[in-house]
Amino acid sequence: MFATSIAGSLPKPEWLAETQKLWPQWKAQGESLQQAKADATLLWIKAQEDAGLDIIGDGEQARQHFVHGFLEQVEGIDFENKVKMGIRNNRYDAMVPQVVSALKLKGRVHAMEAQLLRAHTTRKIKFTLPGPMTIVDTVADRFYGEGEEGRIKMAMAFAELLNQEALALQADGVDIIQFDEPAFNVYLDAAADWGVKALERAALGLTCTTAVHICYGYGIQANVDWKNTLGQEWRQYEKVFPALAQSSIDQVSLECMHSHVPMDLIALLKGKDVMVGVIDVASEQIETPEEVADTIGKALQFVAKDKLFPCTNCGLAPMSREVALKKLEALAKGAALARARL
Ligand code: ZN
């Protein structure tokens, strides 16, 4: 009951990359960079186990960014000539690569991290991939054409590539494959209309557990400012949850801690496992086990106890290592307290 995990990313050690940045520069190159990525992955496997988490991830140590890490292994994308683009409905600017021709995987994307995970922990492992709609929102297009039709075509093309990698991750021994779709909270109608279909295409044929993570983003200033415009009640999930409840995806990860999401929206996910965000990623304040257990208690009004999985609101990548570690411990201790209370 209450198996704990992180949403996905963890801070990179300062010997691997610049710290507290969303698109950090690597500190090594070539073979030594590969070794450093593997070392950082191992370090975080151990740290998650020591903190007491039940489901272990790679902490996304081998990717510069959760979307671009995947795109680097895709043929048809020009990384040499990045362009500035407003992403998440122009919430903030990012330097993004461009799609210039038909898309194809160059080979495996995350074999190294997945195999390291499987070899070094006996606990369940979760692996994250960007969702098709969020990829489309984090890359410039010069190939699929203008408008919604082009976006849908490109999303379906990415979904096929994601599916290839997801099937290979499953063969590596991954127990849970999670697609990250922060874009679902931004393009509400499109998410319910074609976003969920593209997601199901990405998960086609998987027999392991499948999940989708939908959040209000990392704890960066642009996101904090955006959240301040969303009013007293954040009802974005209301649009996409019914479509997800009808979908083939097994688990939905959402943010709850310190957010203005009405808890009762969880009831729209009837039948699904719910990864409840009980750790805030936009605050350095460490949650107490009591706070975590209280949030779990509130969510239990709307989801059965065997379907509730305590999680972080989002990735911890831009935080300091020290704070992230303490937050992992708070997550595990809070879940233990919630178990004891029941
Ligand atoms: Zn997130």
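What's the whole-number percent of alpha carbon pairs in the chain lying beyond 25 angstrom?
On the way: 28031 of 58311 pairs.
Of all Cα-Cα distances in the chain, 48 percent exceed 25 Å.
Go ahead and estimate [θ] at 222 nm for the chain from helices alone: -39,500 (n - 2.57) per DSSP H run with n ≥ 4, summed, over the residue count, rounded to 500. Each step should come with its number before you reach the end.
Working: 10 runs with 121 residues, N = 342.
Computed mean residue ellipticity for the chain: -11000 deg cm²/dmol.
May I ask you to derive the FRET efficiency for ASP189 and GLN20 from their Cβ-Cβ distance with R0 = 25 Å, giving the value to the nearest 0.05?
On the way: r = 35 Å, r/R0 = 1.39.
Computed FRET efficiency for ASP189 and GLN20 comes out at 0.10.
Say the cut-off is 28 Å between C-alpha atoms; which of LYS153/LYS227; LYS124/LYS272; LYS12/LYS106; LYS82/LYS272; LYS21/LYS126; LYS197/LYS270 go over it? All intermediate terms of the calculation are to be shown ahead of the outcome.
Details: LYS153/LYS227 30 Å; LYS124/LYS272 19 Å; LYS12/LYS106 26 Å; LYS82/LYS272 39 Å; LYS21/LYS126 23 Å; LYS197/LYS270 19 Å.
Checking Cα-Cα distances, LYS153/LYS227; LYS82/LYS272 exceed 28 Å.
Quick one: putting +1 on the C-beta of Lys and Arg, -1 on the C-beta of Asp and Glu, what dipole do you get for the chain around its Cα centre, in Debye to the nearest 20? Each step should come with its number before you reach the end.
On the way: 36 positive and 45 negative charges, 67 e Å.
Dipole about the Cα centre, nearest 20: 320 debye.
Which whole-angstrom value gives the distance between the alpha carbon centres of the stretch 225-263 and the stretch 285-342?
A separation of 18 Å, based on Cα centres.
Between LEU33 and ARG339, what is the spin-label point distance in nm, taking each point 7 Å from the Cα along the Cα→C-beta axis?
With each label placed 7 Å out from Cα toward Cβ, I get 4.1 nm.
For a distance above 17 Å, tell me the whole-number percent of Cα pairs in the stretch 215-342 that qualify.
57
Hey, got a sec? Which GluC sites (Glu not before Pro) in the stretch 1-32 land in a DSSP loop and have at most 14 other Cβ atoms within 10 Å?
On the way: sites: GLU14, GLU18, GLU31; in loops: GLU14, GLU18.
Here the sparse-neighbourhood loop sites are GLU14, GLU18.
When we measure straight from the Cα of LYS104, which aspartates and glutamates land under 17 angstrom away, once same-chain ones fewer than 8 places off are left out?
GLU72, GLU75, ASP78, ASP141, GLU160, GLU165
What number comes out for the charge environment of GLU238, summing +1 per Lys or Arg and -1 per Asp or Glu over other residues with Cβ under 13 Å away? Write out the running numbers ahead of the final one.
Numbers: positive: ARG235, LYS239; negative: ASP189, GLU233, ASP264.
Once all neighbours under 13 Å are counted, the net charge is -1.
Using a 4.7 Å Cβ cut-off, which Cys residues in the chain lack a partner cysteine?
CYS208, CYS256, CYS311
What Kirkwood Rh does the stretch 147-270 have if only Cα atoms enter the pairwise 1/r average? Answer in Å.
Values: mean 1/r = 0.0651 Å⁻¹.
So the Kirkwood estimate lands at 15.4 Å.
With point charges of +1 on the Cβ of Lys and Arg and -1 on the Cβ of Asp and Glu, referenced to the Cα centre of the chain, which listed residue (ALA293, THR312, GLN35) lies farthest in the positive direction of the dipole?
Sorting the options by dipole projection puts first ALA293.
Can you list which of the GluC sites (Glu not before Pro) found in the stretch 149-236 are DSSP loop residues with at most 15 other C-beta atoms within 10 Å? Walk me through the numbers on the way to the answer.
Values: sites: GLU149, GLU160, GLU165, GLU200, GLU233; in loops: GLU233.
Passing sites in the stretch 149-236 are GLU233.
Compute the convex hull volume of the Cα atoms of the stretch 25-118, divide it by the residue count, and report the result per residue in Å³ as a whole number.
Values: hull volume 13.5 nm³, N = 94.
Expressed per residue, the convex hull around the Cα atoms of the stretch 25-118 is 143 Å³.
Please list, in order, the residues from the stretch 194-218 whose amide nitrogen is less than 15 Å from a point placed 7 Å along the Cα→Cβ vector of GLU148.
Answer for the stretch 194-218: 194-198.
What is the magnitude of the charge dipole of the stretch 1-76 about its Cα centre, with +1 placed on the Cβ of each Lys and Arg, -1 on the Cβ of each Asp and Glu, and no other charges, expressed in debye to the nearest 20? Before the final figure, lay out the partial values.
On the way: 6 positive and 11 negative charges, 36 e Å.
So the magnitude is around 180 debye.
We did not get these values from a lab; they are worked out from the coordinates using the rules stated. Owing to the predicted nature of the structure, the values given are computational and were not obtained by experimental measurement. We place every Cβ from the backbone using ideal geometry, glycine too, and count neighbours over all the protein chains shown.
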